[in-house]
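Notes follow once the structure below has been shown.
The values are calculated or read from the model by the stated rules, or taken from the named source; none is laboratory data. Owing to the predicted nature of the structure, the values given are computational and were not obtained by experimental measurement. When we count neighbours, we look across all protein chains shown, and the Cβ atoms used for this are built from the backbone with ideal geometry, even at glycine. The accessibility values were calculated without ligands, DNA or RNA, using every heavy atom of the protein model including side chains. Shrake-Rupley method; radii C 1.70, N 1.55, O 1.52, S 1.80 Å.
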Amino acid sequence: MKKHLLFLGPPGAGKGTQAAIISKTNSYLHLSTGELLRKEIDSNTELGNQVKDIMNRGELVKDQLVLEIVKKNLCTDNKGWILDGYPRNLSQINSLNQVLLNINQPLEIVFYLDIPEEVLIKRLLMRGRKDDNEETIKTRLNIYKETTEPLIEYYKSLSLLQYINADGDLKTVSADIKQKMA
Ligand code: ADP
């Protein structure tokens, strides 16, 4: 059973939902940088105040700030972990590689949750989070395509990538992930 997982895919693909299910079943850490950043905003921390406007515009938070959050939350004594929303660019890949080398817990599998763009937009508009309005969604999808999508090729070249068709109901997608991580 794979213990060190990464979920990659566009906003709205269901990374957070699936990561929550898998992490709960297996008692893995679920490390969602988006969630952790939103918590900082809700708690009115200095970091939260620093990132609030950027997140509401749908832009990426500075690499250094996100890295700090990842380091703080990725404790070494865990049963396993799922990264969701990190890394999102090449510089974040390099930082993550360093962090994982330091804790001696290499990434074992990367799930690429694929889904058509029109389905994503519908899902995000229905979800209605603060950054789920049409303009912000457009920004996030553009940044995803330009900056994050290339990471798929990187993980493919390392033979870590597993393709998941995320355009299905929740249970079908979970079952597919579970089968592939066994
Ligand atoms: P989604 O993937 O649906 O857009 P997330 O919760 O993963 O939702 O991310 C929400 C926002 O949090 C992003 O638009 C970005 O501003 C910020 N964020 C999350 N993860 C990162 C990251 N790894 N690097 C930079 N910014 C991030």
Inset, instruction - List every residue whose amide H lies under 5 Å from the amide H of TYR86, counting only residues 5 or more places away in sequence or on a different chain, with H placed 1.01 Å from N in the peptide plane. - result: THR33
Inset, instruction - Using label points projected 7 Å from each Cα along Cα→Cβ, tell me how many nm separate GLN64 and VAL99, to one decimal. - result: 1.6
Inset, instruction - Identify the GluC sites (Glu not before Pro) of the stretch 61-160 meeting these criteria: DSSP loop state and at most 15 other C-beta atoms within 10 Å of the C-beta. - result: GLU108
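According to the square roots a ≥ b ≥ c of the eigenvalues of the Cα gyration tensor, what is the shape class of the stretch 113-182, taking rounded for a/c under 1.5, prolate for a/b larger than b/c otherwise, and oblate for the remainder?
Values: a/c = 2.98, a/b = 1.33, b/c = 2.24.
Here the stretch 113-182 falls in the oblate category.
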Legend entry - Alpha carbon centroid spacing (whole Å) that separates the stretch 38-87 from the stretch 113-182: 19
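How much FRET efficiency would the formula 1/(1 + (r/R0)^6) give for THR147 and ASP42, where r is the Cβ-Cβ distance and R0 is 30 Å, rounded to 0.05?
Values: r = 26 Å, r/R0 = 0.87.
The value I calculate is 0.70.
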Inset, instruction - Taking all protein chains together and a probe of 1.4 Å, list ILE54, ILE69 from the most accessible to the least accessible. - result: ILE54, ILE69
Inset, instruction - With an 8 Å cut-off on Cα pairs and a minimum separation of 6 or more residues, tell me the relative contact order of the chain in percent. - result: 35
Inset, instruction - Rank TYR154, GLN50, ASN165 by how far each Cα sits towards the positive end of the charge dipole of the chain (+1 on Lys, Arg Cβ; -1 on Asp, Glu Cβ) and give me just the farthest. - result: ASN165
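Over the chain, with the other protein chains present, what is the accessible area per residue in square angstrom, probe 1.4 angstrom? Display every interim value, and only then the final one.
Details: 9730 Å² over 182 residues.
The answer is 53 Å² per residue.
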Inset, instruction - For the chain, state the average projected area of the convex hull of the C-alpha atoms over all orientations, rounded to one decimal in nm². - result: 9.8
Inset, instruction - Grab the other residues whose beta carbon is less than 15 angstrom from that of ILE177, score K and R as +1, D and E as -1, and report the net. - result: +1
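Note down the magnitude of the dipole of the chain about its Cα centre, charges +1 on Lys and Arg C-beta and -1 on Asp and Glu C-beta and zero elsewhere, to the nearest 20 debye. List each step's numbers first, then the result.
Numbers: 25 positive and 24 negative charges, 101 e Å.
Result for the chain is approximately 480 debye, rounded to the nearest 20.
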Inset, instruction - Could you check how much of the accessible area of the chain is carbon and sulfur, as a whole percent, using a 1.4 Å probe? - result: 50
Inset, instruction - Give, as ranges by residue number, the residues of the stretch 124-141 whose backbone N falls under 18 Å from the point 7 Å along Cα→Cβ of ARG57. - result: 130-141
